[in-house]
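Data first, discussion second: the structure below is written as C-alpha cells.
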Amino acid sequence: MDELDSAKLFYIEGSPFARLCRILIEEWHLPVKSIPLDHPLPDDYFEITPTGQVPVLKTVGETIFPTSQIVEQLWAMTEEATEPYLDPLADRQILAVILEVGNFLVAAQQQVWAGLEPVGENVLGYNPRDRHILRGQKTLDWLEAQAGDWLIRDEPNVCDYAFACIVLWAESRMGAQWRDRKKLASIVDKLQERPSFKKIALAPYSA
C-alpha cells in the first residue's frame, strides 16, 4: 500500500463531482488525501488538467480525470468489494449519463451566476440553459422509470451515490424540483442518512 499512500484528490467545496469522489474515499476507507482548492481556480491549473475542472486524482506517476475515470480508479484501489458497488462495464452507461447531466446542470447554473443573457439573434431556436434543464428533467423521468429500491440491482451502487450528489446540488443551487419522483426520493433519503454523506456535506452556497 506504500504507493497508494501518496494519492491525492484535489477538489473545490461545492462541486458535486468532487463530493462524490470524497464520499467514495470515505466509504471505501481509501488512503487518499483530499486537498481543497480555492475558487476560482488559477489559470495555471490547466497545466494539471486541460479541462480546468475538479476533481483530479494524483497517484504515483498518474494524473487522473475526469470524474468517471477517478471513480473507476478508486474502485480499483479497494482491497475487497464493498458498498457502494460498481461494475465498471455494466454500470458505465448509467453512470456516464448521470455525470453528463450533472455537467449540463452546472453549466446552466453557471450561466445564471455569470449574468449571461442572449445578446444577439438566437439561431439555435432554444435557450441552452433551458435545454440543459430539460435534459435534467428527462433524465430524472428515465431513472425513475427503471429504479427499484436502488437504481441498479438490489444494493447500493456508485450510480446511486452519483445521482444523489448531483440532484442535491441542483436542489440547493438551482431550486430544482424533483422529489415527486418517489423512488428517486427514497434512494436519496436513504443515502443522506449515511455517515459519509453527513460528514462530507454539501457546503452552503454564497455568492
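Bear in mind that the values in this text are calculations on the coordinates, not laboratory data. Computed from a prediction, not measured in an experiment: that's the story for all the values here. Here Cβ is always computed from backbone atoms with ideal geometry, including for glycine, and neighbour counts include all displayed protein chains.
The residues packed around Gln110, meaning those with a beta-carbon under 11 Å from its beta-carbon, carry a net charge of +2 if Lys and Arg are +1 and Asp and Glu are -1. Using the Cβ-Cβ distance between Ala203 and Thr82 with R0 = 25 Å, the FRET efficiency computed as 1/(1 + (r/R0)^6) comes to roughly 0.40. Shape analysis of the stretch 85-207 yields a ratio of the Cα radius of gyration to the Kirkwood radius, Rg/Rh, of 1.00. Full-extension gain between Asp180 and Asp149, please, as 0.36 nm times their residue separation minus the C-alpha to C-alpha distance. Additional length available on full extension: 9.6 nm. What the Cα convex hull of the stretch 1-123 gives, in volume per residue, is 135 Å³.
Remark: for residue pairs Lys8/Lys190; Lys138/Lys182; Lys138/Lys190; Lys33/Lys190, the C-alpha separation exceeds 21 Å in Lys8/Lys190; Lys138/Lys190; Lys33/Lys190. Relative to the current alpha-carbon distance between Glu62 and Val123, full extension at 0.36 nm per residue lengthens the span by 17.7 nm.
Considering only Pro118, Pro195, Pro36, the Gaussian network model of the chain with Cα springs below 10 Å gives its largest mean-square fluctuation to Pro118.
Just need the relative contact order of the stretch 3-77 here, percent rounded to a whole number, with Cα pairs under 8 Å and 6+ apart. Computed over the stretch 3-77, the figure is 40 percent.
Put the Cα centre of the stretch 107-149 next to the Cα centre of the stretch 66-93 and the gap is 28 Å.
Springs join every pair of Cα atoms under 10 Å in this Gaussian network model of the chain, and among Glu79, Glu144, Glu47 the largest mean-square fluctuation is at Glu47. Based on Cα contacts under 8 Å between residues 6+ apart, the stretch 92-199 shows a relative contact order of 30 percent.
Shown here for the stretch 83-153: chymotrypsin sites (Phe, Trp or Tyr not before Pro) in loop regions (DSSP other than H, G, I, E, B) with at most 15 other Cβ atoms within 10 Å, namely Tyr126.
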